[in-house]
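Participant: Encoded as structure tokens, here's the structure I'll be asking about.
The values are calculated or read from the model by the stated rules, or taken from the named source; none is laboratory data. Because the structure is a prediction, the values reported are computed rather than measured. Every residue, glycine as well, gets a Cβ built from its backbone with ideal geometry; the counts of neighbours run over all protein chains shown.
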Amino acid sequence: MPKRILVVDDEEHMRELLKIALNNSGYEVEIYKNGQDALTRIESDGPTIGLIVTDYQMPIIKGTTLAAIAFDLAVPCVLMSGNEEPAEHKALYFLKKPFDLSRLLHVVETLI
């Protein structure tokens, strides 16, 4: 079974854009609109998740919290934000929005 990429962002257009780009590059993608839904998925089936791509600022659970949980489960995480990089986080990579999709795809390829 191929490992999945979880895309977590509260902005629908960003979720859909990333899903299309990652699917077109051959990745299996699941999208979540908030950190709580993603956390439920991670806790129930973490071993099949190859990577998490998450926004920093979201309702319910922030991306830095997801990154910390992913780190503890040895699942790589990419943190995205329109603001500056948070001082402390456990994501393996940070992308400042807006970013070029080719840059994201390169990071994903490197981490998976």
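Participant: Do we have Ile20 as at positive phi and over 13 Å from the mean Cα position of the chain (by Cα) here?
Facilitator: Working: at positive phi: no; over 13 Å from the mean Cα position of the chain (by Cα): yes.
So Ile20 fails the test.
Participant: Find the strands (runs of 3 or more DSSP E) located wholly in region 17-110 whose residues include 1 or more that are out of contact with any Phe, Trp or Tyr (no Cβ under 9 Å at 6 or more places or on another chain) and more than 14 Å from Val7 (Cα to Cα), and list them.
Facilitator: Working: elements: 28-32, 49-55, 77-81, 93-96.
Correct list: 93-96.
Listed here are the residues, each with its yes/no results for (1) of a type outside the set (Phe, Trp, Tyr); (2) surrounded by 18 or more Cβ atoms within 10 Å (Cβ to Cβ); (3) at pLDDT below 90.
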position: Ala38; (1), (2), (3): yes, yes, yes
position: Thr48; (1), (2), (3): yes, no, yes
position: Val53; (1), (2), (3): yes, yes, no
position: Asp72; (1), (2), (3): yes, no, yes
position: Met80; (1), (2), (3): yes, yes, no
position: Glu88; (1), (2), (3): yes, no, yes
position: Ser102; (1), (2), (3): yes, no, no
position: Thr110; (1), (2), (3): yes, no, no
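Participant: Can you pull out every residue in region 1-36 that is aliphatic (A, V, I, L, M) and exposed (fewer than 13 other Cβ atoms within 10 Å of the Cβ)? Before the answer, list the steps.
Facilitator: Narrowing region 1-36 to residues aliphatic (A, V, I, L, M): 1, 5-8, 14, 17-18, 20-22, 29, 31.
Those that are aliphatic (A, V, I, L, M) and exposed (fewer than 13 other Cβ atoms within 10 Å of the Cβ): Met1, Ile20.
Participant: Which residues, taken from region 56-70, are of a type in the set (S, T, N, Q) and loosely packed, with under 14 Cβ neighbours inside 10 Å? Give the steps one after another, and end with the answer.
Facilitator: Within region 56-70, the first condition is being of a type in the set (S, T, N, Q), and the residues that meet it are 57, 64-65.
Matches in region 56-70: none.
Participant: List the residue pairs whose Cβ atoms are under 9 Å apart, where the first residue sits in region 90-111 and is without any contact (Cβ under 8 Å) to a residue 24 or more places away in the chain, the second is assigned to a helix (DSSP H, G or I) and among the basic types (Lys, Arg), and the two are 6 or more positions apart or on different chains.
Facilitator: Leu95/Arg103
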